[in-house]
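Participant: Have a look at the structure that comes next, please.
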């Protein structure tokens, strides 16, 4: 059974002993997928994560077919299939009454043949747990409460200064470092690489994991035109497989910027037929402003950027997690060929291309 998200990834991990070939900064889906790919190739891999535990929210919940193929090759898809489920039908609500069901995604007869022909719903926290466990089984290591303080590189190695929550610091010398540390990437900042993009006029949104009484788990529920929505649009509640939770996604206004659990309850009560006390738990919540952006480059010498550290996407279509895992799958084999089989360094330039 899946672990409660409030306890996901609580194992801290110890500082790695011995030499490291690749230091991965960030234990999200990108960093853990990359580390799994490297570790299975015999590349000595260590992951450092600033948080005390793995991220505990459902944020990136949709695994697209190509991502599932990559994760299957990494040896985790059976566990992810068991932990997740297909997209449920959409249930529209209007004036407190059901107003029809429909499919968000229809099968495409022209799509390439795949063992995984449909997207698969798995909460992000559970995907990370499964990848973490696979990495540990492969001999990789994960260290929490550790952030990158600074980096310096030569033509032969990278010197990474790591800062720990207890105030201590140490320096690792590694052949390569990969920044998988998200949209506010410390690695990207240390390299002085700019992110260029735009907000595109996209509306801010609230996302949260909640538990709710009185709502069936057979549908993805959507309220489109509630009169109390103050003109800010839809609210959706998606049941998360393998849990008792729903993921809330709603367009937001300035009042939701300083979000609290009680504000989440009131938001649901204002835009649906459900009373605030139907929301029994608010496990995680976030306010975000979607944008589209791209790093000026994905490589600087022996340091690489992957995932949200390299590109940002609006949430629609699940591009963030899916493209990020595919970044890892692309970079992993190339680093493996260079480190283990003496492929030319020029192979690594093809990652950015």
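Participant: With the chain treated as a Gaussian network of Cα nodes joined by springs under 10 Å, which of 150, 168, 185 yields the largest mean-square fluctuation?
Facilitator: Highest fluctuation among the options: 168.
Participant: Using the beta-carbon distance between residue 149 and residue 281 and R0 = 51 Å, what value does 1/(1 + (r/R0)^6) give for FRET efficiency, to the nearest 0.05?
Facilitator: 0.90
Participant: Here's something else I'd like to know. Say we join alpha carbon atoms closer than 10 Å with springs in a Gaussian network model of the chain; which of 307, 42, 192 then has the biggest fluctuation?
Facilitator: In this elastic network of the chain, the residue with the biggest mean-square fluctuation among 307, 42, 192 is 192.
Participant: Could you bin all the Cα-Cα distances of region 109-161 into 10 Å bins starting at 0 and give me the percent of pairs in each, rounded to whole numbers?
Facilitator: 16, 24, 30, 17, 12, 1
Participant: Provide the gained length on full extension for the span residue 161 to residue 17, in nm with one decimal, where the gain is 0.36 nm per separating residue minus the Cα-Cα distance.
Facilitator: 50.3 nm
Participant: Take residue 333 and residue 194, extend 7 Å from each Cα along the Cα→Cβ direction, and tell me the distance between the two endpoints in nm.
Facilitator: My value for the distance between the label points is 3.5 nm.
Participant: To check my understanding: the extent here is largest minus smallest coordinate of the Cα atoms along each principal axis. What are those three numbers for the chain, in Å, largest first?
Facilitator: So the extents along the principal axes, rounded to whole Å, are 65, 48, 39.
Participant: Express the Stokes-Einstein translational diffusion coefficient of region 205-288 in µm² s⁻¹, to the nearest whole number, given a Kirkwood radius over alpha-carbon pairs, 20 °C and a viscosity of 1.002 mPa s.
Facilitator: Reported coefficient: 170 µm²/s.
Participant: Would you please give the FRET efficiency between residue 269 and residue 106, computed as 1/(1 + (r/R0)^6) with r the Cβ-Cβ distance and R0 = 51 Å, to the nearest 0.05?
Facilitator: 0.95
Participant: Quick one: among 209, 37, 166, which has the greatest mean-square fluctuation in a GNM of the chain with alpha-carbon springs under 10 angstrom?
Facilitator: Sorting by GNM fluctuation, first place goes to 166.
Participant: What is the Cα coordinate range of region 274-353 on the first, second and third principal axes, sorted by size from largest, in whole angstrom?
Facilitator: If we take the Cα atoms of region 274-353, the spans are 62, 25, 20 Å.
Participant: When the helices in the chain are scored as -39500 (n - 2.57) per DSSP H run of 4 or longer and the sum is shared across all residues, what 222 nm value do you end up with, to the nearest 500 deg cm²/dmol?
Facilitator: That calculation yields -7500 deg cm²/dmol at 222 nm.
Participant: Another one. Å³ per residue of the Cα convex hull, for region 9-106?
Facilitator: In region 9-106, the Cα convex hull volume per residue is 142 Å³.
Participant: Kirkwood hydrodynamic radius (Cα pairs, Å) of region 46-171?
Facilitator: Every distinct Cα pair counted, the radius reaches 18.0 Å.
Each reported figure results from applying straightforward, stated rules to the coordinates on display, with no laboratory input. Fair warning: this is a prediction, and the values are worked out from it, not measured in the lab. Note that we place each Cβ from the backbone using ideal geometry, even for glycine, and neighbour counts take in every protein chain shown.
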